[in-house]
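A.B. asks: Structure below; questions to follow.
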């Protein structure tokens, strides 16, 4: 299989980047998209050129480290999928594949396709936890959580933090990411004590990090590898209003 | 020579006795003590956050862009705990025994007992931290069964248990970062350990964004760097997982225990091409309801659904009637390999077996199966394009967990004072084979409960010493060596890629040092790996510089260590003249092809000392005072 | 930002309610001329003279202004958050064109409102341009203003055509406003999606068809 990659190359955060074309032969349909890029990098090494920097780690769709814009879509042409789960069978022979890094002011480019997503960590830091020290826990079954509540919390907690929601959002809003975490913790009895503080501080940090606001296009839900629903954002808004006006 | 520091008293009282006797540090003094934690998975993040809560000053490093990526995230199935919520006869003792037996009696009784003992409070801890474990309608926790065990003691959060536990640990870590008790260094990779006067006093790291080498000093160094099965190249591990930190520690004097004990997981997706970088794991929990089979006729090319029931060989159920599809991992993997090697394999490359849910779907209905494994089926479809509700999955064994690792005593300290190894990177609790859902457990227990209770015993003395300084000549020397190492690699400028050599190494390791091993093959492997090492240093081409983000250089540095580690693994496998757990030596088997353990000669933990490129063996004899090692039978 | 978003949502919802009242009044225009003129003129006189309606009118002006200004501020902030876009973006595969272009639709509607106000409000209330006669009952003959305007085909096209962006804007805006204000009931949102569609359709067709009917009267 042969395709042409048009890939964004950028030396470092400060330099100006541009697209470069690479015609790559010898691919197979069973290869993952990242394996195709690995293959390209091996070719580049053979030509004594610098390899393309892109991110990945687990390559099974759970760590959230991979993620690039492929042919105009976050994580490629399929809904609810990570870049590492994308396979070359999704492309046509001879196709030109555009590969761009996540674009968001809050995710500055480090090199080529690698961006800095530490803004997500900064949001988490502002309250995505339960302030209980190790060793202070009561017996596990002393805290009852109904199946529906647990399932709903799990739906939200499934977020892998890849940043596709921000990348695809025309406003680079981090609302889906933030709301998923808030709803996971605030809907559980363990999270109740700090619920108001959590929603106010995390959303404030979200704005401070330079993410835009949500206009409910719904693109994030479609690109989210875990299919996290935008209803979470509405729920976050409700929690936020309640925390602000009622306490 | 090797002092395991097992406390006095009966098995049940050892941990309590230890805690009673260990030294305490007054809170005002704790903040004067610095601890470095390398790795941010369950062990690393658990230790870093708990140490910070206790008042220590903590620095935590990880090579990923965020602590949340650590590979604990990928564990799917669950975490074991002796809660006996299912009222099915479980207890700490039974869990201890299952784990010891699962490890084929090649681990320390005291360590394993502590693991089982602390498992119940660990579940309490995670529930309190907001982990959305599966629940019954009434609100209580649910359990499921897992391989190698006949009780239901596994707690889970869909097929994403590791992720949920890791996110809890990561959140707790960032809580302590906010409290300014933890400083985080993501995108930093440890490249060397600094030992001053025989004690671990710091590390040299490379900033993966700028390429800058940095020095960090501390009163104690904790390694929580995970497993090294990427030595096989194709494994279930994340691409970045590596053995470099522990290998550097090993070269600086830490003994490496049982390096050849690596687990081959029975239910991964089969390799489909040479370019493949990774074998995706499908949770072992699938074996709860899925049945494993191959066709009874060699080379049966019919589609799975067209092969009638009487022509299917459910070989696990046939060979191990009492455990059936839930036989432990080593046994299930070896049985699959046996069938595949005999020519019964299925799939395009004939390297897989079927995992079939037809009967489970008929029995429980598709909705229940969806509820239990929905996300795994979805994942399977994403990767293979096949709907496993309609036709069986194809699975194949893949390199997975490293039971081996740095030798540690009961306190989880290595042979270098002040250097600790926790989680998968040590050799402590799993013996020669790890039971499913015990890895999240061990990593968490080490990080949250054990280390924070043992490190004080060392740090209480460290308090009386001078604080290490990064200006010390040993730091100077270590940084210089790292820098030289990098420059040498960059200056080879050969004509082969790093991946080329990794594939070569992987092939040798998979062929000779995986599911079954023999003397001839291992001797051959040792010489082949030496050839690979020479070729690597003569022909590798690493493009780009070192003062920039350079993923090629990162890979090369890791591979250089993997090659040396591979050598030690084969050496260890060669030395152990018995079959036990994951270590199956073809020379030592029963007439029926089952492993033949040798308790007379081999009831020890191998601990290797690095001596200028050579390895010297030390043995820690295993004493079994409470259980009698038996032949491990799952028939 | 969230405060501003909430204001946009609240003012938007208020405008949605206003449109219902507006459309019901407009529907008088489709009646036979003798009935329509009388009803329409007396209705508009009642409105002008009611003090309550005066307050509502000010709220209305304020809503339009706040809605537009805050939308502008939010948009500026959102642009800052995405300082560089993609060379290739297939957003139509993951979201509707409307939802991606609320700003553009909003500007179009704003232009419409300016023209609309110049045609009616400026002439009737501010007395700008050509004077307006009284009808037989002594009411200001707003009907005549409307009727004569829509004898001009260009205005008919302008008024009818611009109801399409209005409808699109309403369709996304109504749902979105509820979610911004924290309505997250799952089934409720499904119903809301249908209600938004029906509401937007009625507004577009309703407002859009009246000028055409008047033109052919």
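The values are calculated or read from the model by the stated rules, or taken from the named source; none is laboratory data. Bear in mind the structure is a predicted one, so any value in this text is a computation, not a measurement. So basically every Cβ, Gly included, is an ideal-geometry build from the backbone, and we count neighbours across all protein chains shown.
A.B. asks: In this structure, does residue A:214 turn out to be within 14 Å of chain B (Cβ to nearest Cβ), within 20 Å of the chain's Cα centre (by Cα) and touching a residue at least 24 places away in the same chain (Cβ under 8 Å)? Lay out the reasoning, then the answer.
C.D. replies: Values: within 14 Å of chain B (Cβ to nearest Cβ): no; within 20 Å of the chain's Cα centre (by Cα): yes; touching a residue at least 24 places away in the same chain (Cβ under 8 Å): yes.
For residue A:214, the condition - within 14 Å of chain B (Cβ to nearest Cβ), within 20 Å of the chain's Cα centre (by Cα) and touching a residue at least 24 places away in the same chain (Cβ under 8 Å) - is not met.
A.B. asks: Hey, another quick one. Inside region A:133-247, counting only helices (runs of 4 or more DSSP H) that do not spill past its ends, which hold 3 or more residues that are touching a strand residue (DSSP E or B) at 6+ places or on another chain (Cβ under 6 Å)? Steps first, please.
C.D. replies: Values: elements: A:147-157, A:164-168, A:175-186, A:195-208, A:219-223, A:231-245.
The qualifying helices (runs of 4 or more DSSP H) are A:164-168.
A.B. asks: Working carefully through the options C:208, C:182, find the one that is surrounded by 13 or more Cβ atoms within 10 Å (Cβ to Cβ) and not in a helix (DSSP H, G or I). First the steps, then the outcome.
C.D. replies: Working: C:208 fails: not in a helix (DSSP H, G or I).
The unique qualifying residue is C:182.
A.B. asks: Which residue out of B:493, B:519 is within 14 Å of chain A (Cβ to nearest Cβ) and either under 30 Å from the mean Cα position of the chain (by Cα) or in contact (Cβ under 8 Å) with a residue 24 or more places away in the chain (or both)? Steps first, answer last, please.
C.D. replies: Values: B:519 fails: within 14 Å of chain A (Cβ to nearest Cβ).
Criteria check complete, one pass: B:493.
A.B. asks: State whether one or more residues within region B:69-85 are out of contact with any helix residue (DSSP H, G or I) (no Cβ under 6 Å at 6 or more places or on another chain), farther than 22 Å from residue B:172 by Cα and assigned to a loop (DSSP other than H, G, I, E, B).
C.D. replies: yes
A.B. asks: Do we have any residue at all in region C:148-160 that's out of contact with any strand residue (DSSP E or B) (no Cβ under 8 Å at 6 or more places or on another chain) and within 14 Å of chain A (Cβ to nearest Cβ)? Full working, then the answer.
C.D. replies: In the first step, residues of region C:148-160 are kept if they are out of contact with any strand residue (DSSP E or B) (no Cβ under 8 Å at 6 or more places or on another chain); the result is C:148-160.
This time we only want the ones that are within 14 Å of chain A (Cβ to nearest Cβ), so: none.
The answer is no, given that none of the residues of region C:148-160 is out of contact with any strand residue (DSSP E or B) (no Cβ under 8 Å at 6 or more places or on another chain) and within 14 Å of chain A (Cβ to nearest Cβ).
A.B. asks: Right, another one. Kindly evaluate residue B:391 against the criterion of being touching a helix residue (DSSP H, G or I) at 6+ places or on another chain (Cβ under 6 Å), within 30 Å of residue B:254 (Cα to Cα) and surrounded by fewer than 22 Cβ atoms within 10 Å (Cβ to Cβ). Even if it seems obvious, please write down each step before you answer.
C.D. replies: Numbers: touching a helix residue (DSSP H, G or I) at 6+ places or on another chain (Cβ under 6 Å): yes; within 30 Å of residue B:254 (Cα to Cα): no; surrounded by fewer than 22 Cβ atoms within 10 Å (Cβ to Cβ): yes.
Criteria not met by residue B:391.
A.B. asks: Examine region C:70-83 for a residue that is part of a loop (DSSP other than H, G, I, E, B), out of contact with any strand residue (DSSP E or B) (no Cβ under 6 Å at 6 or more places or on another chain), facing chain A (nearest Cβ under 9 Å) and under 30 Å from residue A:206 (Cβ atoms), and state whether such a residue exists. Don't jump to the end; show me each part of the working.
C.D. replies: From region C:70-83, those part of a loop (DSSP other than H, G, I, E, B) are C:82-83; that's our starting set.
With out of contact with any strand residue (DSSP E or B) (no Cβ under 6 Å at 6 or more places or on another chain) added as a condition, the list becomes C:82-83.
Going one step further and asking which of them are facing chain A (nearest Cβ under 9 Å), we end up with C:82-83.
From what's left, under 30 Å from residue A:206 (Cβ atoms): C:82-83.
Yes, that holds for at least one residue.
A.B. asks: Here is a further query. Hey, any hits in region B:353-369 for a residue that's in contact with a helix residue (DSSP H, G or I) (Cβ under 8 Å, 6 or more places away or on another chain), buried (at least 20 other Cβ atoms within 10 Å of the Cβ), within 14 Å of chain A (Cβ to nearest Cβ) and not in a loop (DSSP other than H, G, I, E, B)?
C.D. replies: No, there is no match, as no residue in region B:353-369 is in contact with a helix residue (DSSP H, G or I) (Cβ under 8 Å, 6 or more places away or on another chain), buried (at least 20 other Cβ atoms within 10 Å of the Cβ), within 14 Å of chain A (Cβ to nearest Cβ) and not in a loop (DSSP other than H, G, I, E, B).
Table: residues versus (1) away from every other protein chain (no Cβ under 14 Å); (2) out of contact with any strand residue (DSSP E or B) (no Cβ under 9 Å at 6 or more places or on another chain); (3) buried (at least 19 other Cβ atoms within 10 Å of the Cβ).
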{"position": "C:1", "(1), (2), (3)": "no, no, yes"}
{"position": "C:11", "(1), (2), (3)": "yes, yes, yes"}
{"position": "C:20", "(1), (2), (3)": "yes, yes, no"}
{"position": "C:24", "(1), (2), (3)": "yes, yes, no"}
{"position": "C:34", "(1), (2), (3)": "yes, yes, no"}
{"position": "C:41", "(1), (2), (3)": "yes, no, yes"}
{"position": "C:54", "(1), (2), (3)": "yes, yes, no"}
{"position": "C:60", "(1), (2), (3)": "yes, yes, no"}
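A.B. asks: Which residues, taken from region B:318-352, are surrounded by fewer than 18 Cβ atoms within 10 Å (Cβ to Cβ) and either part of a helix (DSSP H, G or I) or within 24 Å of the chain's Cα centre (by Cα) (or both)?
C.D. replies: B:318, B:324, B:338, B:341, B:342, B:343
A.B. asks: Sticking with this one: Right, residue B:482: in contact with a strand residue (DSSP E or B) (Cβ under 7 Å, 6 or more places away or on another chain), surrounded by fewer than 22 Cβ atoms within 10 Å (Cβ to Cβ) and either more than 14 Å from chain A (Cβ to nearest Cβ) or in a helix (DSSP H, G or I) (or both) or not? Before you say what the answer is, go through the steps one by one.
C.D. replies: Working: in contact with a strand residue (DSSP E or B) (Cβ under 7 Å, 6 or more places away or on another chain): yes; surrounded by fewer than 22 Cβ atoms within 10 Å (Cβ to Cβ): yes; either more than 14 Å from chain A (Cβ to nearest Cβ) or in a helix (DSSP H, G or I) (or both): yes.
Yes: the conditions hold for residue B:482.
A.B. asks: May I pose another question? Would you tally the residues in region B:511-545 being in a helix (DSSP H, G or I) and modelled with pLDDT under 95? Even if it seems obvious, please write down each step before you answer.
C.D. replies: Filtering region B:511-545 for residues in a helix (DSSP H, G or I) gives B:511-512, B:519-539.
Those left that are additionally modelled with pLDDT under 95: B:511.
Final tally of qualifying residues: 1.
A.B. asks: Return the residue satisfying two criteria in turn: it lies in region A:22-32 and is closer than 22 Å to residue A:67 by Cβ and away from chain B (no Cβ under 11 Å), and of such residues it is surrounded by the most Cβ atoms within 10 Å (Cβ to Cβ).
C.D. replies: Filtering region A:22-32 for residues that are closer than 22 Å to residue A:67 by Cβ and away from chain B (no Cβ under 11 Å), the one surrounded by the most Cβ atoms within 10 Å (Cβ to Cβ) comes out as A:22.
A.B. asks: Considering region A:61-81 alone, what residues qualify as being within 18 Å of residue B:162 (Cα to Cα) and out of contact with any helix residue (DSSP H, G or I) (no Cβ under 6 Å at 6 or more places or on another chain)?
C.D. replies: Step one: of region A:61-81, the residues within 18 Å of residue B:162 (Cα to Cα) are A:61-65.
A:64 - this is the single residue of region A:61-81 that is within 18 Å of residue B:162 (Cα to Cα) and out of contact with any helix residue (DSSP H, G or I) (no Cβ under 6 Å at 6 or more places or on another chain).
A.B. asks: Only one of A:44, A:86, A:40 is touching a strand residue (DSSP E or B) at 6+ places or on another chain (Cβ under 6 Å) and away from chain C (no Cβ under 14 Å). Can you tell me which?
C.D. replies: Values: A:44 fails: touching a strand residue (DSSP E or B) at 6+ places or on another chain (Cβ under 6 Å); A:86 fails: touching a strand residue (DSSP E or B) at 6+ places or on another chain (Cβ under 6 Å).
Just a single option satisfies the conditions, and that option is A:40.
A.B. asks: Suppose the filter is without any contact (Cβ under 8 Å) to a residue 12 or more places away in the chain, assigned to a loop (DSSP other than H, G, I, E, B) and in the same structural domain as residue A:35 (by TED's automatic domain parsing); does residue A:57 pass it?
C.D. replies: Numbers: without any contact (Cβ under 8 Å) to a residue 12 or more places away in the chain: yes; assigned to a loop (DSSP other than H, G, I, E, B): yes; in the same structural domain as residue A:35 (by TED's automatic domain parsing): yes.
Yes; evaluated as a whole, the condition is true for this residue.
A.B. asks: In region A:118-128, is there at least one residue being free of Cβ contacts under 8 Å to residues at least 24 places away in the same chain, part of a helix (DSSP H, G or I) and over 30 Å from residue B:211 (Cβ atoms)? I'd like the intermediate steps shown before the answer.
C.D. replies: Quick first cut of region A:118-128, residues free of Cβ contacts under 8 Å to residues at least 24 places away in the same chain only: A:118, A:121.
When the remaining residues are screened for being part of a helix (DSSP H, G or I), the result is A:118, A:121.
Subsequent filtering for residues that are over 30 Å from residue B:211 (Cβ atoms) retains none.
Scanning region A:118-128 turns up no residue that is free of Cβ contacts under 8 Å to residues at least 24 places away in the same chain, part of a helix (DSSP H, G or I) and over 30 Å from residue B:211 (Cβ atoms).
A.B. asks: For residues in region B:34-63 being surrounded by fewer than 24 Cβ atoms within 10 Å (Cβ to Cβ) and outside any helix (DSSP H, G or I), which is nearest to the other protein chains (Cβ to nearest Cβ)?
C.D. replies: Of all residues in region B:34-63, those surrounded by fewer than 24 Cβ atoms within 10 Å (Cβ to Cβ) come to B:34, B:53-55, B:57, B:59.
Remaining after also requiring outside any helix (DSSP H, G or I): B:34, B:55, B:57, B:59.
On the way: B:34: 20, B:55: 11, B:57: 17, B:59: 16 Å.
Out of the qualifying residues, it is B:55.
A.B. asks: Right, something else. Looking at (1) more than 7 Å from chain B (Cβ to nearest Cβ); (2) under 14 Å from the mean Cα position of the chain (by Cα), find the lone condition where residue A:157 falls short.
C.D. replies: It fails just one condition, (1).
A.B. asks: Here is a further query. Which one is modelled with the lowest pLDDT, of the residues in region B:282-296 that are surrounded by fewer than 24 Cβ atoms within 10 Å (Cβ to Cβ) and farther than 12 Å from residue B:395 by Cα?
C.D. replies: B:288
A.B. asks: Going by what's in this entry, would residue B:573 be described as under 30 Å from residue B:630 (Cβ atoms), modelled with pLDDT of 95 or more and either in a loop (DSSP other than H, G, I, E, B) or away from chain A (no Cβ under 14 Å) (or both)?
C.D. replies: yes
A.B. asks: Only one residue in B:149, B:182 is buried (at least 22 other Cβ atoms within 10 Å of the Cβ) and closer than 16 Å to residue A:127 by Cα, so which one is that? Write out each step before concluding.
C.D. replies: On the way: B:149 fails: closer than 16 Å to residue A:127 by Cα.
It is B:182.
A.B. asks: Take residue A:103 and tell me if it is within 13 Å of the chain's Cα centre (by Cα) and more than 29 Å from residue A:3 (Cα to Cα). Write out each step before concluding.
C.D. replies: Details: within 13 Å of the chain's Cα centre (by Cα): yes; more than 29 Å from residue A:3 (Cα to Cα): no.
No; evaluated as a whole, the condition is false for this residue.
A.B. asks: Hey, another quick one. Among the residues that make up region C:151-166, is at least one of them within 30 Å of residue A:74 (Cβ to Cβ) and touching a residue at least 60 places away in the same chain (Cβ under 8 Å)?
C.D. replies: yes
A.B. asks: Ok, one more. Could you tell me whether region B:441-455 includes any residue that is buried (at least 24 other Cβ atoms within 10 Å of the Cβ) and over 25 Å from residue B:156 (Cα atoms)? Spell out how you get there, then give the answer.
C.D. replies: Applying the first criterion (buried (at least 24 other Cβ atoms within 10 Å of the Cβ)) to region B:441-455 yields B:441-451, B:455.
Now narrow it down to the ones that are over 25 Å from residue B:156 (Cα atoms): B:455.
Within region B:441-455, one or more residues are buried (at least 24 other Cβ atoms within 10 Å of the Cβ) and over 25 Å from residue B:156 (Cα atoms).
A.B. asks: Looking at A:74, A:122, A:142, which is the one that is more than 10 Å from chain B (Cβ to nearest Cβ) and either under 28 Å from residue C:77 (Cβ atoms) or modelled with pLDDT of 95 or more (or both)? Steps first, answer last, please.
C.D. replies: Working: A:122 fails: more than 10 Å from chain B (Cβ to nearest Cβ); A:142 fails: more than 10 Å from chain B (Cβ to nearest Cβ).
None of the others qualify; the one that does is A:74.
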